[in-house]
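J.: Let me give you the structure first, and then I'll get to my questions.
The values are calculated or read from the model by the stated rules, or taken from the named source; none is laboratory data. Please read these numbers as outputs of a predicted model, since none were measured by experiment. Backbone-built Cβ (ideal geometry, glycine too); neighbour counts: all protein chains shown. Just so you know, the surface numbers come from the protein's heavy atoms only, side chains and all, with ligands and any DNA or RNA stripped out. Shrake-Rupley method; radii C 1.70, N 1.55, O 1.52, S 1.80 Å.
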Amino acid sequence: MNALVATNRNFKLAARLLGLDSKLEKSLLIPFREIKVECTIPKDDGTLASYVGFRVQHDNARGPMKGGIRYHPEVDPDEVNALAQLMTWKTAVANIPYGGAKGGIGCNPGDLSISELERLTRVFTQKIHDLVGVHTDVPAPDMGTNAQTMAWILDEYSKFHGYSPAVVTGKPIDLGGSLGRDAATGRGVLFGTEALLNEYGKSIAGQRFVIQGFGNVGSWAAQLISEQGGKIVAVSDITGAIKNSKGINISNLLKHVKETRGVKGFSGADSIDPDSILVEDCDILVPAALGGVINRDNAKDVKAKFIIEAANHPTDPEADEILAKKGVVILPDIYANSGGVTVSYFEWVQNIQGFMWDEERVNAELKTYMTKGFKDVKEMCNTHNCDLRMGAFTLGVNRVARATVLRGWEA
């Protein structure tokens with residue numbers, strides 16, 4: 001099931017639980033604006049190349065729209081729509097004053113030189129500069145983009161509008177980026193997991209974790225969880241999968257990954273079939289890679305008691321039902337991985353104030369938001385007698401619906 005179908009399904013279930021009227025429900029689903037632009041650049045060899053850039057701005061009832069920009073060859077309009085909508089609910093669950101957006105350029109960043117990427121980013125910014133802005137739509141990095149991409153956007157945007165560091169987040173520290181942003185999603189995963197385990201009278205220490213995906217989110221989550229005494233028994237990434245039932249030494253693994261660009265061949269663990277990572281024996285499974293990885297084919301074999309969705313949409317709705325029957329508790333993506341967008345909000349706040357925080361403050365504020373967020377989700381679960389995913393969706397949808405009605409926008 002693709003991301004858009006699943007997101008719409010969750011939205012409709014939440015709208016039904018909340019008793020929203022059908023006109024309001026319909027207007028909440030329709031994107032505010034979809035932008036598509038042609039970006040033509042000279043390549044290094046002098047030939048011209050054209051790429052399609054786009055931005056879906058889903059909702060701005062609660063504040064400026066917020067969401068990543070990805071550079072990827074298969075940019076599927078349905079997926080981008082789903083991700084923009086997901087950002088609307090995610091920012092509402094986190095209770096930060098944003099709506100949702102998503103965008104990018106259909107290109108393969110690996111095939112482009114640094115100077116070609118810079119030209120492409122600047123042309124894209126020239127095309128959309130009057131449709132984004134500090135109080136309109138604030139982009140951030142996503143797949144295939146990074147802090148350098150944000151620096152180019154900031155510079156190009158500032159040529160038209162004056163120096164505006166708050167127009168993008170995820171910037172380099174030297175240009176107004178926030179301390180703690182790099183680890184934020186992984187740290188949010190830690191705080192969310194702590195809040196969930198707390199409900200069951202457990203703590204991170206002594207729990208056995210399996211982490212699928214060892215990019216930014218997976219590696220930070222692994223590091224922070226092991227610092228809290230969690231035992232990481234298996235890890236995988238695109239190069240392969242490794243297992244050590246006594247627990248993997250994460251600081252040694254991080255060194256190995258830095259040297260060899262992957263977990264494969266790490267001496268402190270045995271190599272296993274990457275397809276078996278999700279069904280390894282553990283207490284807590286953390287999918288931190290791609291969407292749709294837990295599906296009806298493998299859900300019945302999942303041995304974890306808790307699943308923490310660090311990736312976007314890792315569990316298919318069919319798998320949700322199978323896992324619910326088994327009594328597996330799922331901490332949903334729109335709450336579990338909201339640490340990144342929350343610290344992006346802190347970055348934007350610091351830029352607007354022109355006053356930067358130290359890292360301790362960033363992390364302490366993040367913990368406050370994640371802990372309160374879990375309490376709010378749990379309250380919705382109790383009110384509507386539903387699981388955590390529906391608790392989070394009803395919380396997010398309800399906040400956006402209330403803002404929409406208060407602003408006099410309902411149809």
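J.: Once you sort the root eigenvalues of the Cα gyration tensor of segment 180-320 as a ≥ b ≥ c, which label holds: rounded (a/c under 1.5), prolate (a/b larger than b/c) or oblate (the other case)?
T.: Verdict is rounded for segment 180-320.
J.: List the relative contact order of the chain as a percent without decimals, with contacts defined as Cα pairs under 8 Å and 6+ residues apart.
T.: 17
J.: Further, regarding this structure: Have a look at LEU120, VAL132, PRO97 and report the one farthest towards the positive end of the charge dipole of segment 84-139, computed about the Cα centre with Cβ charges (Lys/Arg +1, Asp/Glu -1).
T.: Ranked along the dipole, the leading option is PRO97.
J.: Let me ask something else. So what's the net charge close to LEU190: Lys and Arg +1, Asp and Glu -1, counting the other residues with Cβ under 10 Å from its Cβ?
T.: 0
J.: Let me ask you something else. Per residue of segment 38-51, what does 6.51 cos²θ - 1.76 cosθ + 1.60 with θ = phi - 60° give for ³J(HN,Hα)? Whole Hz please, x for Gly and Pro, Karplus curve as stated.
T.: 8, 10, 9, 10, x, 6, 4, 8, x, 6, 9, 9, 10, 10
J.: With contacts defined as alpha carbon pairs under 8 Å and 6 or more residues apart, what's the relative contact order of segment 213-348 in percent?
T.: 18
J.: Separate question: Largest first, what is the accessible-area ranking of HIS161, HIS384 with a 1.4 Å probe?
T.: My answer, sorted largest first, is HIS161, HIS384.
J.: To the nearest 20 Debye, how big is the dipole of the chain about its Cα centre, given +1 on the beta carbon of each Lys and Arg and -1 on that of each Asp and Glu?
T.: 900
J.: Counting only helical runs of four or more DSSP H residues, what would the 222 nm mean residue ellipticity of the chain come to if each run contributes -39,500 (n - 2.57) and the total is spread over all its residues?
T.: -14500 deg cm²/dmol
J.: Can you give the charge dipole size of segment 1-150 about its Cα centre, rounded to the nearest 20 debye, using +1 on the beta carbon of Lys and Arg and -1 on the beta carbon of Asp and Glu?
T.: Dipole about the Cα centre, nearest 20: 660 debye.
J.: List the aspartates and glutamates whose Cα lies under 14 Å from the Cα of LYS372, skipping any in the same chain that are fewer than 8 positions away.
T.: Cα-Cα hits under 14 Å: GLU194, GLU199.
J.: Assuming 0.36 nm per residue, please report the length gained on full extension of the stretch LYS26 to ILE238 beyond their Cα-Cα distance.
T.: Working: separation 212, 0.36 × 212 = 76.32 nm, distance 3.94 nm.
Full-extension gain reported as 72.4 nm.
J.: Here is a follow-up. Sort the following peptides by mean Cβ neighbour count (other Cβ atoms within 10 Å, averaged over residues), highest first: 50-60, 263-273.
T.: The packing order, highest mean first, is 50-60, 263-273.
J.: At q = 0.14, 0.17, 0.25 Å⁻¹, what log₁₀ I(q)/I(0) does a Debye calculation on the Cα points of segment 61-155 give, no solvent, two decimals?
T.: -0.51, -0.74, -1.35
J.: Moving on. Sequence gap of 8 or more, or different chains, plus Cα separation below 24 Å: how many lysine pairs satisfy both in segment 34-105?
T.: 5
J.: Sort segment 337-411 into rounded, prolate or oblate with this rule: let a ≥ b ≥ c be the square roots of the eigenvalues of the Cα gyration tensor; rounded if a/c is under 1.5, and if a/c is not under 1.5, prolate when a/b is larger than b/c, oblate otherwise.
T.: Details: a/c = 3.42, a/b = 1.45, b/c = 2.36.
Verdict is oblate for segment 337-411.
J.: Just name one of VAL400, ILE211, ILE225: the one whose Cα is farthest towards the positive end of the charge dipole of the chain (beta-carbon charges, Lys/Arg +1, Asp/Glu -1).
T.: After comparing all options, I get VAL400.
J.: Then there is this: For segment 254-305, what is the convex hull volume of its Cα atoms per residue in Å³?
T.: 104
J.: Please label the shape of segment 239-337 as rounded, prolate or oblate, based on the square roots a ≥ b ≥ c of the eigenvalues of the alpha-carbon gyration tensor (a/c under 1.5 means rounded; beyond that, a/b larger than b/c means prolate, else oblate).
T.: prolate
J.: Show me, bin by bin at 10 Å from 0, the whole-percent P(r) of the chain based on Cα pairs.
T.: For the chain, the pair-distance distribution reads 5, 23, 32, 27, 12, 2, 0.
J.: Using only the Cα atoms of segment 286-366, each taken as one equal point scatterer with no solvent, compute I(q) by the Debye sum, divide by I(0), and report log10 of the ratio at q = 0.27 Å⁻¹.
T.: -1.24
J.: Right, next: Quick one: which of 31-43, 285-297 comes out on top by average Cβ neighbours within 10 Å, and what's the full order, highest first?
T.: 285-297, 31-43
J.: Just tell me which lysines come within less than 21 Å, Cα to Cα, of LYS326; anything on the same chain fewer than 8 places away is out.
T.: Within reach: LYS202, LYS300, LYS303, LYS305, LYS378.
J.: Figure the gain on full extension for ARG33 and THR136 (residue separation times 0.36 nm, minus the Cα-Cα span) and round it to one decimal in nm.
T.: Answer, rounded to one decimal: 35.9 nm.
J.: Follow-up question, since we're still on this one. Whenever you get a sec, compute what percent of the accessible area on the chain sits on carbon and sulfur atoms (1.4 Å probe).
T.: Values: 8720 of 17300 Å².
In the chain, the share of accessible area belonging to carbon and sulfur is 50 percent.
J.: Quick check: residue separation of ARG402 and GLU379 times 0.36 nm, minus the Cα distance between them. What number comes out in nm? Could the numbers behind the result be given before it?
T.: Working: separation 23, 0.36 × 23 = 8.28 nm, distance 1.72 nm.
Length difference between fully extended and current span is 6.6 nm.
J.: Then there is this: Pop out the Kirkwood hydrodynamic radius of segment 325-380 from its pairwise C-alpha distances, inverse of mean 1/r, in Å to one decimal.
T.: The Cα-based Kirkwood calculation yields 12.9 Å.
J.: P(r) for segment 158-201, please, calculated from all Cα pair distances in 5 Å bins and given in %.
T.: 5, 18, 17, 14, 12, 10, 9, 7, 4, 2, 1
J.: Rolling a 1.4 Å sphere over the protein heavy atoms, what is the accessible area per residue of the chain, to the nearest Å²?
T.: I get 42 Å² per residue for this part.
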